[in-house]
Amino acid sequence: MGSFGMNQSNGGDPLLDVRNVKTYFPIRKGLLQREVAQVHAVDDVTLSVQEGETLGLVGESGCGKSTLGRTIVRLLEPTEGNVIFEGRDISKLGTRALRPLRRQMQMVFQDPYASLNPRKRVGSIIGTPLKIHGVDKSEQRQRVQELLETVGLSPEHYNRFPHEFSGGQRQRIGVARALALHPKLIVADEPVSALDVSIQSQMLNLLDDLQKELSLTYIFIAHDLGVVRHVSNRIAVMYLGKLVELSPAEELYQRPIMPYTEALLSAVPIPDPDLSHERERIVLQGDVPSPINPPSGCRFHPRCRYMTDICREVEPPLTSYGNGHLAACHHPLNVDKETLARATVSERYTPAEADEGAKPKTPAKGEAHPIPESG
Amino acid sequence: MAERLIEVKGLKVQFATEDGIVRAVDGVDFELSRGQVLGIVGESGSGKSVTAMTLLGLTRDRNTRFEGEVLYKGRNVLGMNEGELQEVRGNEMSMIFQDPMTSLNPVYSVGAQICEAIQIHERADKSTARRRAVDLLKQVGIPNADSRVDNYPHEFSGGMRQRAMIAMALACNPDVLIADEPTTALDVTIQAQIIELIDRLKDEFNSAVILITHDLGVVAEIADEIIVMYAGRVVERAQTRDLFYDPQMPYTWGLLGSIPRLDRPKQERLHSIKGTPPSLIRSPTGCKFRPRCPHAFDKCMEEPPLENRVETPGHLDRCWLSVAEKRQLRERTLSGEEAA
């Protein structure tokens, strides 16, 4: 293939199109609650998700991955940019207009302890979305029991309370609740990071099965590249609100371009003492800087081991390296001369054009189009 | 031979509850010498945290019963009174807790919380204690420690809070450092930093470390010896390399197989251990892992003793399968072919 910005390999429009989305949070101070600064939680992210695919969204705490996830399901309103779901711009819809859409997109939350109401029975927790969307009462019970079975619990659990379940089982209840209305898109925000490894793998397998059975589309948010590898078709790496790398899953593991991705990969522990001693571990110094005043130039430069002067001053544009692999770096890794010569800057820094030309016109021409994506 | 610091013999900890007696720890033995890192691995509810807390006398209560011995430099911790215990706790043995968000007191500055231990145990005055607190924060890698020392926990990020916890645990140069899931609440990048830090500090302070975790990947790099716990018992115990390259207990295989591995090609399905850990009130008869074990057979109705069954001395396990059978069966689990 090798065509840059190939897009329509899955044929048809993406299920979800995120265009130049910015989500800022105001910081207010003083008696008059004047706005003194902004947290740039998500800063100009453009990506799309095809139906039936799983996009892994990876980054450290504070990189904006959860905010992006919440913006996509419209739990938050984007400050700028558009979220297009099934061809419809939902970024400015009001609560009432959003309600029918909630059927289509659901969320699974990170903390299985905090995301279930301790005073409600399981039946009512999973049944609430059905009730809100006007499913018949007699049908509700049956549907909930079906759902319990789908996620590997037993229908007898209907009348139990959340505290009677272990962490892994609670997370299954959270998944059942998300599935209640037959959604198309599920945004799973760190669904396994609170679980033991043995239970983690059960959960990952379950999500995998459900996707095949119910033809779901996932956005899978995690901080651990080891976990997302297993479920993702493509992976987006975020750092401080920016999308810094986007690539087909396996390629990212074999050929990370952005040094940040390289560091994230090397941080994943390997359960093999000899290998783990041998390999060179890149330990990132310090924490993610504040998104209130992000560093100049490349936002990763203060922690990057390849940093040079240009990184401090110029923000690297998101560049397409072919095969749907995008990265934003002045010193790309694992890229040979040829690819580098062919690499083209994606034009996503001109929002007006990007909006207009969001759909690729001539995807096979070998040129980057405004939103280069691979299916 | 390095100095023997801790010796645990036949430790049992039971809690009386309304529902019955919880046998949280049910016969655990191990030793720890200076300079050594011991990993204790198991799922939630396997008794690893209770074991660690008992070493510091933190599980004492009207409803708790102990059996066996916990010897610290030859003295039995279980028999100490509160005063003696206070001398040891935080001074000679200290603990890093799992959740840095809840284990720091939100209404005291980080510095004050570190100083407290120094002032109590070393009877240092305020300014000396403060200077030491700043030093410690520098040592654990907190930038601008001079000003950060007066910050409150909410002004620290998760990784920094965990560092502050470590600084606090190190305040009195303890001989034994017990880290209970020190990285579970953290990002992988920060996890790598913390593990490296613990490893470095162990050498600097010439102490011994007990590292408790549910993730075998975390201990692969730094542990010398590993104990795998299940339902309050030790089910396998070996030197780190032996445990990873010649694991004998099907439960250990399951733990190893569950980890998504970046060093290998992607598997179709991840191996997982079916079911959940058993109740500690009514635990299964025979081998405790039997109900979840894919290889269980008749003999498993009787509980296997913790014994050395392989060529390597000191490598103990609790499984009736013959060594040859195990070596054959485990390949499928470890390579991920057999996915439950």
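The values are calculated or read from the model by the stated rules, or taken from the named source; none is laboratory data. Bear in mind the structure is a predicted one, so any value in this text is a computation, not a measurement. Heads up, the Cβs are rebuilt from the backbone with ideal geometry, glycines too, and the neighbour counts pull from every protein chain shown.
Mind listing just one residue for me: the one in region A:53-90 that is in a helix (DSSP H, G or I) and of a type in the set (S, T, N, Q) and, of those, modelled with the lowest pLDDT? Let's see the steps before the verdict.
First, pick out the residues of region A:53-90 that are in a helix (DSSP H, G or I): A:65-72.
The next check asks that each one be of a type in the set (S, T, N, Q); those that pass are A:66-67, A:71.
Values: A:SER66: 91, A:THR67: 94, A:THR71: 95.
Among them, the one singled out is A:SER66.
Residues of region B:1-17 being surrounded by fewer than 20 Cβ atoms within 10 Å (Cβ to Cβ) and in contact with an Asp or Glu (Cβ under 7 Å, 6 or more places away or on another chain), which ones?
The answer is B:ARG4, B:GLU7, B:LYS9, B:GLY10, B:LYS12.
Which one is farthest from the other protein chains (Cβ to nearest Cβ) among residues in region A:182-225 that are in a helix (DSSP H, G or I) and among the polar types (S, T, N, Q)? Don't jump to the end; show me each part of the working.
Here is the first cut: in region A:182-225, the residues in a helix (DSSP H, G or I) are A:197-214, A:225.
Pick out the ones that are also among the polar types (S, T, N, Q) and you get A:198, A:200-202, A:205, A:211.
Numbers: A:SER198: 4, A:GLN200: 7, A:SER201: 4, A:GLN202: 4, A:ASN205: 6, A:GLN211: 13 Å.
Among them, the one singled out is A:GLN211.
When you scan region B:139-150, how many residues do you find that are crowded, with 16+ Cβ neighbours inside 10 Å and either under 24 Å from the mean Cα position of the chain (by Cα) or within 14 Å of chain A (Cβ to nearest Cβ) (or both)? Let's see the steps before the verdict.
Let us first name the residues in region B:139-150 that are crowded, with 16+ Cβ neighbours inside 10 Å, namely B:139-142, B:145, B:148-149.
Pick out the ones that are also either under 24 Å from the mean Cα position of the chain (by Cα) or within 14 Å of chain A (Cβ to nearest Cβ) (or both) and you get B:139-142, B:145, B:148.
Counting residues in region B:139-150 that are crowded, with 16+ Cβ neighbours inside 10 Å and either under 24 Å from the mean Cα position of the chain (by Cα) or within 14 Å of chain A (Cβ to nearest Cβ) (or both) gives 6.
Checking B:ALA117 against (1) within 26 Å of the chain's Cα centre (by Cα); (2) modelled with pLDDT of 90 or more, which single condition isn't satisfied?
Of the numbered conditions (1) within 26 Å of the chain's Cα centre (by Cα); (2) modelled with pLDDT of 90 or more, the odd one out for B:ALA117 is (2).
Just to be sure I understand, how many residues within region A:249-290 are more than 15 Å from A:SER61 (Cα to Cα), buried (at least 23 other Cβ atoms within 10 Å of the Cβ) and more than 8 Å from chain B (Cβ to nearest Cβ)?
Residues flagged as more than 15 Å from A:SER61 (Cα to Cα), buried (at least 23 other Cβ atoms within 10 Å of the Cβ) and more than 8 Å from chain B (Cβ to nearest Cβ) within region A:249-290 amount to 5.
Out of all the residues in region A:175-190, is one or more under 24 Å from A:PRO112 (Cβ atoms), crowded, with 21+ Cβ neighbours inside 10 Å, modelled with pLDDT under 95 and touching a Pro at 6+ places or on another chain (Cβ under 6 Å)?
yes
Residue-by-condition table, conditions (1) within 25 Å of A:THR261 (Cβ to Cβ); (2) out of contact with any Asp or Glu (no Cβ under 7 Å at 6 or more places or on another chain); (3) within 14 Å of chain B (Cβ to nearest Cβ):
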residue: A:ARG19; (1), (2), (3): yes, no, no
residue: A:LEU31; (1), (2), (3): no, yes, no
residue: A:GLN38; (1), (2), (3): no, yes, no
residue: A:GLN50; (1), (2), (3): yes, yes, no
residue: A:VAL58; (1), (2), (3): yes, yes, yes
residue: A:SER66; (1), (2), (3): yes, no, yes
residue: A:GLU80; (1), (2), (3): no, yes, no
residue: A:ILE84; (1), (2), (3): no, no, no
residue: A:LYS92; (1), (2), (3): no, yes, no
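Taking B:ALA164 as the residue in question, decide whether it is within 18 Å of B:LEU197 (Cα to Cα), buried (at least 18 other Cβ atoms within 10 Å of the Cβ) and hydrophobic (A, V, I, L, M, F, W, C). So that I can check it myself, show each step before the final result.
Details: within 18 Å of B:LEU197 (Cα to Cα): yes; buried (at least 18 other Cβ atoms within 10 Å of the Cβ): yes; hydrophobic (A, V, I, L, M, F, W, C): yes.
Yes.
How many residues does region B:265-314 hold that are surrounded by fewer than 14 Cβ atoms within 10 Å (Cβ to Cβ), closer than 30 Å to A:LEU210 by Cα and touching a residue at least 60 places away in the same chain (Cβ under 8 Å)?
The qualifying residues number 2.
In region B:260-280, what residues are among the aliphatic types (A, V, I, L, M) and at the interface with another protein chain (Cβ under 7 Å from one of its Cβ atoms)? Outline the logic, then answer.
Step one: of region B:260-280, the residues among the aliphatic types (A, V, I, L, M) are B:262, B:270, B:273, B:280.
Those that are among the aliphatic types (A, V, I, L, M) and at the interface with another protein chain (Cβ under 7 Å from one of its Cβ atoms): B:LEU262, B:LEU270, B:ILE273.
Those residues that are aliphatic (A, V, I, L, M) and either without any contact (Cβ under 8 Å) to a residue 12 or more places away in the chain or in a helix (DSSP H, G or I) (or both), I need them from region B:252-264; list them, please.
Pass one, region B:252-264, residues aliphatic (A, V, I, L, M): B:255-256, B:259, B:262.
B:LEU255, B:LEU256, B:LEU262, listed by residue number.
Going residue by residue through region B:116-124, is there one that turns out to be out of contact with any Phe, Trp or Tyr (no Cβ under 9 Å at 6 or more places or on another chain), within 14 Å of chain A (Cβ to nearest Cβ) and under 29 Å from B:THR213 (Cα atoms)? Step through it out loud before you land on a result.
From region B:116-124, those out of contact with any Phe, Trp or Tyr (no Cβ under 9 Å at 6 or more places or on another chain) are B:117-124; that's our starting set.
Those left that are additionally within 14 Å of chain A (Cβ to nearest Cβ): none.
Among the residues of region B:116-124, not one is out of contact with any Phe, Trp or Tyr (no Cβ under 9 Å at 6 or more places or on another chain), within 14 Å of chain A (Cβ to nearest Cβ) and under 29 Å from B:THR213 (Cα atoms), which makes the answer no.
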